[in-house]
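Working notes, structure below.
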Amino acid sequence: MDTYRVNTLFMFIILCLVITLTFQLSGENSGDSSYQDILLPYPLSQRHGPSHSHRYVRECQSIIHGNVTHETWRSSMKTGLPVAKSRIFVSSVSSGSEKPRWVSGHMTFVNNPLQSVSVLEPGGPGGCGIAHTETVEKTSRVKKCLFSQNGGYFNMETGECLGNVVSDGTLVRNSRGIQNAQFGIKKDGTLVFGYLSQEDVLDEVNPFVQLVSGVVWLLRNGNIYINESMAVECEETQETGTFHRFVNVISARTAVGHDQEGRLVLFHIDGQTDVRGMNLWEVAKFLKNQGIVNAINLDGGGSSTYVVGGSLASYPSDHWYAKENHI
């Protein structure tokens, strides 16, 4: 069946302008946005990412990690059907003394991610280069994706893709060593999570075939790694500011990780900032309880979107209302 062909499961980079299009009442890209649930890790007035060097990351991490600032894992090479399994879940979560609240989302377990997962630019190849804006739904149809979720960050003024981007073996964007959490797949199928030097990104011996930047390393070798990650990715001037809110507020979230079998795991939780969803501590704890080994956060807020077979399967908190056409 076409549904289970190789290269049918994809993850996305989407741009800022696409956020207002992730929940549409019409198929047209025209209209007025009634509400934008924008959740950013860094103030708009500052660059995306910390000023810390990779050397700083290497020297400041725990000695148990030596000089290695990322983790690798041999991916599952299982062939045959199904290519992936996705399930909807409803769970009760709570933080501290607050009352438990119900959350819902999706977890997708992917066999053989080397052959079945791609990072796609918005709208398809070349989208980042022209600051193209497109919905996850429409981009997912470019390669007839089975499951899709958004990931990566963007410049809200220009629509420029941010961070490192490698799509199907093509280096689309090089962040030049900015230290945000990364997820990638190497040519030999190795899964990579964590912090990378520019030399790591540009490696030609075993190059990345897929790579995308997130913000916050959630799990490292089965342990919650948020405090350590915040020390790396948060500027000192933001100790009580934007970055801490990004981590601690409840909202919609998307993340990516892997289990002991080397299956890639796509995670999505529905939400609305300050109203429903999960904070990153809760996401990390939830994933740890599901047996996830390494994981990074990909996105949060109204742009968090999950699509199945080209159709929206989640409830994004960004709302888009189409203009009426009068003849």
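The dipole here belongs to segment 56-127: it is taken about the Cα centre, uses +1 on the Cβ of Lys and Arg and -1 on the Cβ of Asp and Glu, and is about 340 debye.
May I ask you to compute the full-extension gain from S91 to Q198, defined as 0.36 nm times their residue separation minus their alpha-carbon distance, rounded to one decimal in nm? Extra length available between S91 and Q198 comes to 34.6 nm. Each residue of segment 213-229 is assigned a 3J(HN,Hα), and the resulting list reads 9, x, 9, 5, 7, 7, 10, 10, 6, x, 10, 5, 10, 5, 4, 5, 5 Hz, derived from the Karplus form 6.51 cos²θ - 1.76 cosθ + 1.60 (θ = phi - 60°), x at Gly and Pro. Expressed as a whole percent, the proportion of Cα-Cα pairs in segment 246-295 lying more than 11 Å apart is 64%. Remark on G151: its backbone amide H falls under 5 Å from those of F12, I13, I14, a criterion applied only to residues 5 or more positions apart or on other chains, H modelled at 1.01 Å from N.
In whole angstrom, segment 189-309 maps to an equivalent ellipsoid with semi-axes of 23, 19, 14, each derived as √(5λ) from the alpha carbon gyration tensor and ordered largest first. Under the rule a/c < 1.5 gives rounded, and otherwise a/b versus b/c splits prolate from oblate, where does segment 125-168 land using the Cα gyration tensor? Judged from the Cα gyration tensor, segment 125-168 comes out prolate (a/c at least 1.5, a/b above b/c). Determine which lysines satisfy two conditions relative to K186: a Cα distance under 30 Å, and not lying fewer than 8 residues away in the same chain. List returned: K78, K85, K138, K143, K144, K285, K288.
Read-outs throughout are calculated quantities, based only on the coordinates presented, and are distinct from any laboratory measurement. Because the structure is predicted, anything quoted here is derived from the model rather than measured. We place every Cβ from the backbone using ideal geometry, glycine too, and count neighbours over all the protein chains shown.
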